[in-house]
1. Considering all projection directions equally, how large on average is the shadow of the alpha-carbon convex hull of region 276-412, in square nanometres?
2. With unit charges on the beta carbons (Lys and Arg positive, Asp and Glu negative) and the dipole taken about the Cα centre of the chain, which residue among Val269, Val124, His356 sits farthest to the positive side?
3. Using every pair of alpha-carbon atoms in region 10-66, split the distances into 5 Å bins beginning at 0 and state the percent of pairs per bin, rounded to integers.
4. Would you check the accessible area of His167, probe 1.4 Å, heavy atoms only, in square angstrom rounded to 10?
5. To the nearest 10 square angstrom, what accessible area does Lys315 show with a 1.4 Å probe?
6. Using a cut-off of 19 Å between alpha-carbon atoms, which aspartates and glutamates can reach Lys213, once sequence neighbours fewer than 8 places away in the same chain are excluded?
7. Per q in 0.06 1/Å, what log10 I(q)/I(0) does a Debye calculation on the alpha-carbon atoms of the chain return?
8. Can you give the calculated 222 nm mean residue ellipticity of the chain, where each DSSP H run of n ≥ 4 adds -39,500 (n - 2.57) and the sum is split over every residue, rounded to the nearest 500 deg cm²/dmol?
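The values are calculated or read from the model by the stated rules, or taken from the named source; none is laboratory data. This one's a predicted model, so the numbers in the text were calculated from it and none came from an experiment. Reconstructed Cβ throughout: ideal geometry from the backbone, glycine too, with neighbour counts over all protein chains shown. Keep in mind that these areas ignore ligands, DNA and RNA; they rest on the heavy atoms of the full protein, side chains included. Shrake-Rupley method; radii C 1.70, N 1.55, O 1.52, S 1.80 Å.
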Amino acid sequence: MTRSLLHQILDYANRANPYPIYEELRKTPVHHEDDGPYVVSTYYEIRSLLHDPRISSDARNLASTALDPLARSAQEEESALPPSFLRLDPPEHDRLRRMTNRPFGPPHSPHRVDGMREELHGIVSDLIDGIGDPGRIDLVDQFSYPFPVTVICRLLGVPREDEARFHIWADTIAASLDPDPDADPAERGKDSHDARMQLGMYLAGLIEERRRKPGDDMLSALATAKGPDGAMTTMELLSTAALLLIAGHETTVNLVTNGMLTLLRNPDVLQRLRADPRLAVPVVEELLRFEPPVQLVPQRTPLADIEVRGVTVPKGASLWLVLASGNRDPQRFEDPDHFDPDRRDIQHLGLGSGIHSCFGAPLARLEAQLALSELARRLENPRLLEDPPPYRQNAVLREPRHLPIACDGIRA
């Protein structure tokens, strides 16, 4: 008997190439099986729902019968802390997002991200310098995994001597996001909970220190802010800082790793990028369409019965929005399975849309542009050692767990 499309999406056997399943899924734009979630896979419907005020991101609005595994895991991710604004609806979402944005981006802090450009370039250069044997490189472990967590530490103002501890917590929390059928779930849950608690306690101490003696980092700005929305509580600060670490880290790892894999599969584009680093801007935008860091958004639910393409999705039902499928919808993008950095009108869903569009988008774009252009410039004749490489278990945050590559040498 053919397995359901939902099971095929979650089946690890399809992780390396889920796109044929998404193509099948788009034949029924709103797909529903038994008591499972309502799965939306076409571009215009996903975009519309991302902007629909009747769609909630707060798991407390899910009917208890709608708690499918991905929605439940989304609820449990932040169990050690109150929900971050990613998991809230207006007006609470808007208040916390506004407060977080004041020290992060325009109009109040327009140079926060761009001002990090030189520091980001230094981190990228140091990581490439430290690669060692060019004959066997794991790009994930040696580059794309440590890069964004180091950036988040610098952004928040974590002292350099504490960055190693942050890496360990990030590793443990990231591992907990991947289902592992061979591991003891109780032990994994305890490891993740312990890491979140240790991270929370560390951040709480750092917040108090920044309140007494602020620096020019983002955590200091958040801890001492007295804007029109007032000040964040310590618990709100903790959940916001944890969100910046986890969401900012995971998505950038995916973008850089999937980016290098795609470039190695498209050597003509890699060659162009090596010759012209300015190509990094359209390359990253096309990557966000072609191989988005977040494949699907499972934690959505209607606040009232809604109709989508003739299907009634009931209040409280679990709603999945398959961003990666929408990005390959031929009704929106010509020749969607072709990677083309010269593509025009590239309004992709790779960073979401609407009020929950990716908060860290300017930083993620800059990180990926610098990382991929420097890797293209400095690695001589890079090539894949495994294709497809081994993937993570996670169907939402889809990326290679390891990316074994080789090159002839590393340029200065």
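1. 10.6 nm²
2. His356
3. It works out to 4, 15, 18, 24, 21, 14, 4, 0, in whole percents.
4. Only protein atoms counted, so the area is about 50 Å².
5. 140 Å²
6. Qualifying aspartates and glutamates at Cα under 19 Å: Glu161, Asp162.
7. Listed by q, the Debye log ratios stand at -0.23.
8. Details: 15 runs with 186 residues, N = 412.
Helices in the chain give a 222 nm mean residue ellipticity of -14000 deg cm²/dmol.
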